[in-house]
Every structure is written in C-alpha cells, then in structure tokens.
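Student: Structure below; questions to follow.
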Amino acid sequence: MDWLLAGLGNPGEEYAHTRHNVGFWCVRDLAATVGAPWGREARFKAELAQGLFAGQRLVLCQPQDFMNRSGGPVQAVAAFYKIPPERIVVVHDDLDLLPGVARLKFGGGNGGHNGLRDLDRALGTNAYWRLRLGIGHPGHKDRVVAYVLGKPEPEDRGQIDAAIHRALSVLPDFLQGRVDVAQQRLHSLES
C-alpha cells in the first residue's frame, strides 16, 4: 500500500521562500532524492510526484490551495489512491519548535495551525502522521502572521534545511515500520 507525504505551504512564487512553506521544501527535497518529477493535477488542486523510496511507493503532494484550505486536496489525493489516514505523513512548519528541530508524531491536536485544522476537518480525523519542522516563534502572537509569511534569516534557513536532511535520513526506518527507531534517531540528531 502507498504512503502519502503531503507538504503544506502556500502556492505562488511570493511564498516560495517563506517559513510557512517548509513542508513544500521537504517534499521537494524528497522528490529530488527519488528522482520523481512533479506534475500539476488540476482535479486534486495539487502538484504530485510519485516514486519508490526504501522499498515503498510514495505519493508526494503539494496542495495548490492556500494553507488554510490544504485539507481538500490532501483528502482527494488520499481517496483516489486509497491511502488511509494512518499512512499519511503531513509535513508542516511549527512555531513551537526552534529552527533545526524536527519531530515525528502520530495524531494530536492542531496547535492552532490552520493547515492541520483544515486537514482534520477534511479527513474526519486527526489520526495521521505529522513531521513537524521548527521555524521558531517571533516572541509575540501579534507578529506571527508576518513572521510565518516572511523569509527566515540565512542561519535559520540553514538549520531548517539541516532538519529536513535529518528527517529524510530517518525516513527509510519509518517507512519500513521501525517507527521507534526513526523517532529516536530524529529526535537525538538535533544540532
């Protein structure tokens, strides 16, 4: 059975390098690793890439609607490929984690993340995997929107890229059912 890895972000060049798009960055890096080309799928309102990685067939997804409407495209892709929620990994930015920190967990609340809130609604459950990539917090809630829609400083971008690299390095263990090993390695590899 396939796995669906959905990176969350906002479409368009003006958002391409913003903190809110770290999910897109991660699935693009994975697609490059497996040599999977991206194609626009208008029926899903998403860009998709497919390939084999660690002996598993992957469907990679970048919803092409805004973050707070990510659920519809992800749900449509999952339904078409008959992928149940427990085989979905959603990659997203996390204000509560510092740049360079990555966490892999199953289920849980949305933590105020609009993309996750919409996914929970569209999937009818929160029982899916999340790969949380830290972007840090601006310090005050009034600055959050401008912060997530802003570009990270070069040092932070380097730490985020390193976290993505570490996450992809533990993905084979995860996909082959060694979840505890993948989580332990990922959570202990931080800079």
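Student: So is GLY112 out of contact with any Asp or Glu (no Cβ under 6 Å at 6 or more places or on another chain), in a helix (DSSP H, G or I) and either among the charged types (D, E, K, R) or open to solvent by 30 Å² or more (accessible area, probe 1.4 Å) (or both) or not? I'd like the intermediate steps shown before the answer.
Tutor: Details: out of contact with any Asp or Glu (no Cβ under 6 Å at 6 or more places or on another chain): yes; in a helix (DSSP H, G or I): no; either among the charged types (D, E, K, R) or open to solvent by 30 Å² or more (accessible area, probe 1.4 Å) (or both): yes.
For GLY112, the condition - out of contact with any Asp or Glu (no Cβ under 6 Å at 6 or more places or on another chain), in a helix (DSSP H, G or I) and either among the charged types (D, E, K, R) or open to solvent by 30 Å² or more (accessible area, probe 1.4 Å) (or both) - is not met.
Student: Oh, and also: All but one of (1) assigned to a helix (DSSP H, G or I); (2) open to solvent by less than 30 Å² (accessible area, probe 1.4 Å) hold for LEU104; state the number of the condition that does not hold.
Tutor: LEU104 satisfies every listed condition except (1).
Student: Also: Is the stretch 62-84 home to any residue that is of a type in the set (Lys, Arg), open to solvent by 50 Å² or more (accessible area, probe 1.4 Å) and closer than 24 Å to ALA163 by Cβ?
Tutor: Within the stretch 62-84, the first condition is being of a type in the set (Lys, Arg), and the residues that meet it are 69, 82.
Checking which are open to solvent by 50 Å² or more (accessible area, probe 1.4 Å) leaves us with 69, 82.
Those still in the list that are closer than 24 Å to ALA163 by Cβ too: none.
No, the stretch 62-84 contains no residue that is of a type in the set (Lys, Arg), open to solvent by 50 Å² or more (accessible area, probe 1.4 Å) and closer than 24 Å to ALA163 by Cβ.
Student: May I pose another question? Contact list please: Cβ distance under 6 Å, first residue in the stretch 149-170 and under 15 Å from GLY23 (Cα atoms), second residue assigned to a helix (DSSP H, G or I) and charged (D, E, K, R), pairs at least six apart or on different chains.
Tutor: PRO152/ARG19; ILE164/ASP29
Student: Another question about this same structure. It is to be established whether one or more residues within the stretch 169-177 are closer than 23 Å to GLU13 by Cα, surrounded by 15 or more Cβ atoms within 10 Å (Cβ to Cβ) and either out of contact with any Leu (no Cβ under 8 Å at 6 or more places or on another chain) or at pLDDT 95 or above (or both). Write out each step before concluding.
Tutor: Taking the stretch 169-177 first, the residues closer than 23 Å to GLU13 by Cα are none.
Within the stretch 169-177 (the criterion being closer than 23 Å to GLU13 by Cα, surrounded by 15 or more Cβ atoms within 10 Å (Cβ to Cβ) and either out of contact with any Leu (no Cβ under 8 Å at 6 or more places or on another chain) or at pLDDT 95 or above (or both)), the answer is no, since none of the residues qualifies.
Student: Still on this model: Residues of the stretch 115-124 being surrounded by 14 or more Cβ atoms within 10 Å (Cβ to Cβ) and either in contact with a Pro (Cβ under 8 Å, 6 or more places away or on another chain) or at positive phi (or both), which ones?
Tutor: Within the stretch 115-124, just LEU123 meets the criteria.
Student: Also, quick follow-up: I'm checking my understanding of the structure. Among residues of the stretch 1-45 that are small (Gly, Ala, Ser) and surrounded by fewer than 19 Cβ atoms within 10 Å (Cβ to Cβ), which one is nearest to VAL144 (Cα to Cα)? Even if it seems obvious, please write down each step before you answer.
Tutor: Just the residues of the stretch 1-45 that are small (Gly, Ala, Ser), to begin with: 6-7, 9, 12, 16, 23, 31-32, 35-36, 39, 42.
Still in the running and surrounded by fewer than 19 Cβ atoms within 10 Å (Cβ to Cβ): 12, 16, 32, 35, 39, 42.
Values: GLY12: 20, ALA16: 18, ALA32: 31, GLY35: 35, GLY39: 32, ALA42: 31 Å.
The qualifying residue nearest to VAL144 (Cα to Cα) is ALA16.
Student: Please verify whether the stretch 46-60 includes one or more residues that are open to solvent by 10 Å² or more (accessible area, probe 1.4 Å), among the small types (Gly, Ala, Ser), modelled with pLDDT of 95 or more and not in a strand (DSSP E or B).
Tutor: no
Student: Related question: Does HIS137 count as open to solvent by 30 Å² or more (accessible area, probe 1.4 Å), part of a helix (DSSP H, G or I) and of a type outside the set (Phe, Trp, Tyr)?
Tutor: Values: open to solvent by 30 Å² or more (accessible area, probe 1.4 Å): yes; part of a helix (DSSP H, G or I): no; of a type outside the set (Phe, Trp, Tyr): yes.
No: the conditions fail for HIS137.
Student: I'd like the full set of residues that are touching a residue at least 40 places away in the same chain (Cβ under 8 Å) and either basic (Lys, Arg) or not in a loop (DSSP other than H, G, I, E, B) (or both), limited to the stretch 13-45.
Tutor: Residues of the stretch 13-45 that are touching a residue at least 40 places away in the same chain (Cβ under 8 Å), as a first pass: 15, 17-23, 25-27, 29-30, 33.
Those that are touching a residue at least 40 places away in the same chain (Cβ under 8 Å) and either basic (Lys, Arg) or not in a loop (DSSP other than H, G, I, E, B) (or both): TYR15, ARG19, HIS20, ASN21, VAL22, GLY23, TRP25, CYS26, VAL27, ASP29, LEU30, THR33.
Student: Return the total of residues in the stretch 71-101 being in a helix (DSSP H, G or I) and in contact with a Ser or Thr (Cβ under 7 Å, 6 or more places away or on another chain).
Tutor: Of the residues in the stretch 71-101, the ones in a helix (DSSP H, G or I) are 71-81, 85-87.
Filter once more, keeping what is in contact with a Ser or Thr (Cβ under 7 Å, 6 or more places away or on another chain): 85.
Counting residues in the stretch 71-101 that are in a helix (DSSP H, G or I) and in contact with a Ser or Thr (Cβ under 7 Å, 6 or more places away or on another chain) gives 1.
The values are calculated or read from the model by the stated rules, or taken from the named source; none is laboratory data. The structure presented is a predicted model; accordingly, all values stated were derived computationally and were not measured. Every residue, glycine among them, receives a Cβ derived from its backbone with ideal geometry; neighbour counts consider all protein chains shown. The accessibility values were calculated without ligands, DNA or RNA, using every heavy atom of the protein model including side chains. Shrake-Rupley method; radii C 1.70, N 1.55, O 1.52, S 1.80 Å.
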